[in-house]
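The values are calculated or read from the model by the stated rules, or taken from the named source; none is laboratory data. Fair warning: this is a prediction, and the values are worked out from it, not measured in the lab. Reconstructed Cβ throughout: ideal geometry from the backbone, glycine too, with neighbour counts over all protein chains shown.
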Amino acid sequence: MSEAFTTAIILLGTLLLFTHYIQKGFGGMSNPLRQFGMFLLTKAAGPAADMFQEKEGSGARTWMQTGVFWLILAGIGGFLSAWHNYDPAALDSLSNIGWSYDDGSALAYFSEVAMTTALFAILLGGALVAHSRTIGSGLASEANASLMALVWTVQTLIGLVLCTLDYWDFITYGEAQMALYGLVSALLVMSLLVNSLITLGNRGESPVSVPSWFMILGLVVLLFSRVSNALGESLGWTGTVWIADIIASGWVPLALMFAVGYHVLSHVSEQPIWSGSLTKASMFLLFVTVPPFFLSESTNADAFTQSIGAILVTVGLMPILAASANMIATMRGNASAVVNSPGATAAAGGAILLPVFALLGYFTGLNVMVGDGSMANVAAVVNSSYFYVIGGVFALAALFHSYPLAAGKELTGSAGAASWLVIAGGLLSTILFLMGEWTENALIESEVEDPTIGLSGFAITGAFAFYGVVIGYILAGNSVIKTLLGGNTMVTSTGTTSDISSYNLVEGTTSIRTLFGRGVGIDTTLIIGESEEEVTGGSTVIEVSADLHNDEVDEFPVNFDEDLVTLTKWLCGRGTTTAQFFAWADIDNSGEIDMFEFANALRVGEIADLPPWDVEKLVKVMDINSDGNINLPELDIALMAIRNALGIEFIPYEEAEEADAEESAEEAAEEESAPTEAELKKMKKAELVDVAKSMGLSHTGTKSDLIERITQA
């Protein structure tokens with residue numbers, strides 16, 4: 001197991017370097033790396049990416065839609081597995097159509113793969129929505145994100161088909177094939193990571209938000225997991241494979257759950273994340289410990305390695321407890337809004353139940369990892385229920401809250417019933433399954449001849465309760481379809497305002513960067529001193545200590561892009577209207593200015609010569625309908641706002657022409673009236689005295705003194 005320590009050290013160093021460069025940037029290499037990344041996202045994929053839209057939110061929407069497909073399959077497969085435990089002969093009739101049913105391991109494996117894929121797709125889609133909203137722009141390439149969602153589903157289906165052809169025995173799949181399969185997944189994760197990082201570059205000077213941190217770090221460790229798993233399988237490094245499994249089954253799902261939970265509860269409750277310390281604890285400790293789920297037996301490890309593993313599993317409870325407490329405290333300020341929102345209700349249920357499952361997983365998982373393994377059956381129930389119940393409710397939180405935001409539609413369907421069915425049915429079925437497994441273990445210890453006698457009641461009742469989870473998943477899928485096809489268009493802001501309605505500051509000092517990190521937006525209204533106003537929505541209201549008050553500050557200045565300000569001044573100074581500039585810039589007379597035409601207009605007018613990514617940023621500032629182009633009303637609104645805010649006076653064309661003519665005449669007169677030094681030397685002293693007097697200069701001294709005085713004037 002020595003390779004496990006080596007892999008862990010490399011992983012820790014990778015995370016430290018990555019977080020450093022995320023915050024500090026790459027200096028002069030930032031723009032070239034961004035350009036190269038955009039090439040990989042838009043050009044390297046070839047014509048396949050052209051099948052998808054670049055509309056904002058389409059990438060996250062595609063991920064969640066594919067996830068719903070897998071979620072329903074996973075729910076049905078889980079129910080069939082539970083029923084098969086009650087009646088092993090229930091599916092024997094399918095042998096008439098070529099079904100060769102085994103002991104249930106095939107169906108269990110299918111359900112595990114389907115649920116894992118569903119959770120990753122849905123939670124990633126929800127995290128991408130949070131990532132885009134906190135930055136205030138769409139993904140760098142929505143089309144590439146959609147393409148990756150489709151390819152991810154295809155590669156999962158291929159893996160299942162290959163396993164089916166090999167009689168569902170993934171072990172005999174072959175080390176080389178597994179390594180190749182892992183590298184293909186790594187390429188897909190790399191594309192998602194590059195897309196997220198380029199999008200992150202649009203945030204300007206704002207700090208990275210909490211959901212963005214969890215999502216990006218989750219993708220980084222997943223990429224590391226795929227690569228290390230491929231190397232471990234190829235070279236026989238069991239410790240490296242063990243680390244890769246911990247990352248894939250522990251870190252990544254929890255990171256995406258936290259990203260979705262923090263965003264949904266903070267947005268719906270209109271409260272900032274309650275504690276920055278708990279946020280940092282849940283983020284830091286998650287990626288340096290071992291979560292208490294899906295722990296495997298450490299047969300090849302020595303006593304020291306097992307002790308280290310047990311300690312890391314124990315500490316692994318802390319980030320889960322910290323995140324759950326933080327999310328519960330965040331929603332406490334506006335619990336009624338949480339109850340009224342199906343997505344927030346699901347997220348709150350996940351935050352409340354997660355510590356319970358973590359404690360169950362801790363005790364049963366340690367028994368499997370470093371104990372005698374007598375509770376392996378109980379640990380399997382906890383792990384499966386953790387994915388179906390905790391993962392399921394966080395997935396519903398993304399579907400019922402983040403999906404409507406990405407689709408721009410209001411939520412439609414029986415979403416509230418779906419949330420409560422999954423919570424109630426999942427919790428009840430988990431309790432019944434655990435009671436059955438614990439009872440069976442007790443009967444085995446009592447040396448009963450047939451310990452399964454009398455336990456069928458737990459199995460059938462638990463399967464019936466789990467049916468509520470299946471119905472909840474189906475209702476969730478139905479709600480997503482109804483929202484997409486028949487939901488009313490949602491009227492929302494572009495994401496530049498804060499989702500928080502109120503925030504209280506205690507006495508002391510703080511910084512704007514700290515407030516941004518706690519969820520405060522740039523449009524936050526600051527009220528100095530005590531305020532008894534109750535704010536129910538809109539911009540954030542922050543109570544600030546009177547020590548921070550400055551009587552000289554009347555209002556906060558509005559910051560506009562300097563290139564747009566220069567364009568406004570240029571047009572106003574020339575007497576050119578917005579319509580005239582638009583007609584001049586619209587080369588193809590399409591009624592819209594694309595990024596190429598806008599960049600060309602700025603360059604020809606000698607206003608600015610900008611690279612493509614900066615032009616794209618300017619276009620997004622003005623692009624109200626998010627179609628990637630600028631129409632005349634959008635341009636007029638943007639420039640008029642700058643004129644009104646900065647008091648730039650518009651000079652009509654005739655007056656501008658007269659002013660230019662007068663200025664040219666004055667310059668010409670000055671040039672005509674100002675004799676050269678050679679001409680001055682040819683003049684007599686009396687003539688030089690007259691020139692000096694006309695210029696208001698001293699006319700005393702020698703001829704050379706007069707010439708020097710006149711030429712220097």
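To keep it simple, each residue is scored yes or no on (1) modelled with pLDDT under 95; (2) touching a Gly at 6+ places or on another chain (Cβ under 7 Å).
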site	(1), (2)
Leu366	yes, no
Ala376	yes, no
Ala379	yes, yes
Ser384	yes, no
Val389	no, yes
Lys409	yes, yes
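Does Phe5 meet the test of being closer than 30 Å to Val615 by Cα, at pLDDT below 90 and touching a helix residue (DSSP H, G or I) at 6+ places or on another chain (Cβ under 9 Å)?
no
Looking at this structure, is Ala398 of a type in the set (A, V, I, L, M, F, W, C), in contact (Cβ under 8 Å) with a residue 24 or more places away in the chain, surrounded by fewer than 23 Cβ atoms within 10 Å (Cβ to Cβ) and in contact with a Gly (Cβ under 8 Å, 6 or more places away or on another chain)? Full working, then the answer.
Values: of a type in the set (A, V, I, L, M, F, W, C): yes; in contact (Cβ under 8 Å) with a residue 24 or more places away in the chain: yes; surrounded by fewer than 23 Cβ atoms within 10 Å (Cβ to Cβ): no; in contact with a Gly (Cβ under 8 Å, 6 or more places away or on another chain): yes.
No; evaluated as a whole, the condition is false for this residue.
Of all residues in region 325-343, count the ones that are modelled with pLDDT under 90 and not in a helix (DSSP H, G or I).
Residues flagged as modelled with pLDDT under 90 and not in a helix (DSSP H, G or I) within region 325-343 amount to 2.
Within region 461-474, can you find the residues that are under 13 Å from Gly413 (Cα atoms) and surrounded by 20 or more Cβ atoms within 10 Å (Cβ to Cβ)? Walk me through it before giving the result.
Going through region 461-474, the residues under 13 Å from Gly413 (Cα atoms) turn out to be 472-474.
Answer for region 461-474, where residues must be under 13 Å from Gly413 (Cα atoms) and surrounded by 20 or more Cβ atoms within 10 Å (Cβ to Cβ): Gly472, Tyr473.
So which residues in region 371-420 are of a type in the set (Val, Ile, Thr) and within 30 Å of Ala303 (Cβ to Cβ)?
Val378, Val381, Val382
Step by step: first the residues of region 1-43, then only those that are of a type in the set (Gly, Ala, Ser) and assigned to a helix (DSSP H, G or I), then the one that is farthest from the chain's Cα centre (by Cα). Which residue is that?
The extreme case among them is Ser2.
Of the conditions (1) modelled with pLDDT under 90; (2) at negative phi; (3) surrounded by fewer than 22 Cβ atoms within 10 Å (Cβ to Cβ), Ile352 clears all except one; give me its number.
(1)
In this structure, does Ala599 turn out to be assigned to a helix (DSSP H, G or I), modelled with pLDDT of 80 or more and over 24 Å from Ser30 (Cβ atoms)?
Considered against the rule, which asks whether it is assigned to a helix (DSSP H, G or I), modelled with pLDDT of 80 or more and over 24 Å from Ser30 (Cβ atoms), Ala599 comes out as no.
Identify all residues within region 257-288 that are closer than 16 Å to Phe224 by Cβ and part of a helix (DSSP H, G or I); write none if there are none.
Hit for region 257-288 is Leu286, nothing else.
Which count do you get for residues in region 289-306 that are part of a helix (DSSP H, G or I) and at positive phi?
The number of residues fulfilling the criteria is 0.
A quick yes/no check of all residues on (1) surrounded by 20 or more Cβ atoms within 10 Å (Cβ to Cβ); (2) closer than 25 Å to Val470 by Cα; (3) not assigned by TED's automatic domain parsing to the domain that holds Val68:
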{"residue": "Val313", "(1), (2), (3)": "yes, no, no"}
{"residue": "Met318", "(1), (2), (3)": "no, no, no"}
{"residue": "Ala335", "(1), (2), (3)": "no, no, no"}
{"residue": "Gly365", "(1), (2), (3)": "yes, no, no"}
{"residue": "Tyr388", "(1), (2), (3)": "yes, yes, no"}
{"residue": "Gly392", "(1), (2), (3)": "yes, yes, no"}
{"residue": "Ser402", "(1), (2), (3)": "yes, yes, no"}
{"residue": "Ser419", "(1), (2), (3)": "yes, yes, no"}
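Which of the residues that make up region 423-444 are over 30 Å from Val339 (Cβ atoms) and in contact (Cβ under 8 Å) with a residue 40 or more places away in the chain?
Scanning region 423-444 gives Glu437, Trp438, Glu440, Asn441.
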